[in-house]
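Asks: Sharing a structure, written as structure tokens. Questions coming.
The values are calculated or read from the model by the stated rules, or taken from the named source; none is laboratory data. Every value quoted in this text rests on a predicted model; they were computed, and no experiment measured them. When we count neighbours, we look across all protein chains shown, and the Cβ atoms used for this are built from the backbone with ideal geometry, even at glycine.
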Amino acid sequence: MRQILINIVGNAVKFTEAGGIRMVVRLMGRESDEPSLQVRVIDTGIGMTAQQVAALFQPFTQADVTTSRRFGGSGLGLAISKQLARMLGGDISVESTLDHGSTFTISIATGSLDGIAIREDPSVSVIPRSPEETQDFNQQPLRQKILLAEDSPDNQRLISFILNKAGADVTIAENGQIALDMALAAESSGSSFDVILMDMQMPILDGCAATGRLRQAGFTKPIIALTANAMPSDRQKCLEAGCDQFVTKPIDRQKLIETIAGIVQPESSWTRRVAIDHVG
């Protein structure tokens, strides 16, 4: 369900330049044998024609070539979301008007509600965050010089915002080749980056190849892999390429900052350990 909402709401944000986005959640058919949770994501974005809507949930399909070129994306998110919704006993439908916005309706089967308390006031169901979740990371700010190798403009903005707010000095590289060149140039000038965040899937030179070349060139500072692939085999591939840690997407702010803070402090002992790990 979380992945479905990330895809659908993220899509609404991408295609809505003015106006707003609303999410309406309600329980449907609570007295019936097949109750469901319904989530409607309503945006005031660019909208679609009936022909575009008809092809929307096909893999690798976007509204048209112009849309793909302007907004990017692989066209897989909606197809995956619909498949996930159906696996959860529901579905996804869409209503849209060109230039006036779209409404995506997600339904998920809840299963039997026998013995389940129905709360009419949503506020009483809010789970308070733990002290760890509400920790203010600005109390222990990051002071590192960080190179972010990431080709997605959305991820560039999000990750750099998180790191800048935490106190880091962030430089962005749009692909692995640029990251490689910038990191080595900084090393030779005596102003090395303290840590590199390396997306694994980038054009021209991917993260694994860029990391491998950096290690071959003698770069010993920490490299943290960023990837949407969270399987153990993916983690192992990143580590074998020379990465020292692994952070999955969608980015968890707390996890990202904790990983960076843990990997660069104390810097001197970490650098020695990485150097030893990569000898031979």
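Asks: Take Pro250 and decide whether it is closer than 19 Å to Ile162 by Cβ, modelled with pLDDT of 90 or more and of a type outside the set (S, T, N, Q). Let's see the steps before the verdict.
Replies: Values: closer than 19 Å to Ile162 by Cβ: yes; modelled with pLDDT of 90 or more: no; of a type outside the set (S, T, N, Q): yes.
It is false that Pro250 is closer than 19 Å to Ile162 by Cβ, modelled with pLDDT of 90 or more and of a type outside the set (S, T, N, Q).
Asks: Can you tell me which residue in region 235-251 is surrounded by the fewest Cβ atoms within 10 Å (Cβ to Cβ), limited to those that are free of Cβ contacts under 8 Å to residues at least 24 places away in the same chain and charged (D, E, K, R)?
Replies: Kept after step one, since they are free of Cβ contacts under 8 Å to residues at least 24 places away in the same chain, are these residues of region 235-251: 235-236, 239-240, 245-246, 248.
Then keep just the ones that are charged (D, E, K, R); that gives 235, 240.
Values: Arg235: 17, Glu240: 11.
Within region 235-251, the match that is surrounded by the fewest Cβ atoms within 10 Å (Cβ to Cβ) is Glu240.
Asks: Now for a separate question. Examine region 44-58 for a residue that is closer than 25 Å to Leu158 by Cα, surrounded by fewer than 17 Cβ atoms within 10 Å (Cβ to Cβ), under 23 Å from the mean Cα position of the chain (by Cα) and modelled with pLDDT under 90, and state whether such a residue exists.
Replies: No, there is no match, as no residue in region 44-58 is closer than 25 Å to Leu158 by Cα, surrounded by fewer than 17 Cβ atoms within 10 Å (Cβ to Cβ), under 23 Å from the mean Cα position of the chain (by Cα) and modelled with pLDDT under 90.
Asks: I want to confirm something. Restricting to region 1-26 and keeping residues that are part of a loop (DSSP other than H, G, I, E, B) and free of Cβ contacts under 8 Å to residues at least 40 places away in the same chain, which single residue is surrounded by the fewest Cβ atoms within 10 Å (Cβ to Cβ)? Talk me through it step by step, then tell me what you get.
Replies: Initially, region 1-26 is screened for residues part of a loop (DSSP other than H, G, I, E, B), giving 1, 16-20.
Adding the requirement that they be free of Cβ contacts under 8 Å to residues at least 40 places away in the same chain leaves 17-18, 20.
On the way: Glu17: 9, Ala18: 6, Gly20: 11.
Taking the candidates together, the pick is Ala18.
Asks: Test Ile146 against the criterion of being over 25 Å from Gln254 (Cα atoms) and aliphatic (A, V, I, L, M), and give yes or no. Please lay out each step first, then the result.
Replies: On the way: over 25 Å from Gln254 (Cα atoms): no; aliphatic (A, V, I, L, M): yes.
Spelling it out, it is not the case that Ile146 is over 25 Å from Gln254 (Cα atoms) and aliphatic (A, V, I, L, M).
Asks: Just to check your reading of the model, which residue among Ser32, Ser68 is within 23 Å of Asp121 (Cα to Cα) and modelled with pLDDT under 90? Break it down stepwise before answering.
Replies: On the way: Ser68 fails: within 23 Å of Asp121 (Cα to Cα).
Ser32 is the lone residue from the list that is within 23 Å of Asp121 (Cα to Cα) and modelled with pLDDT under 90.
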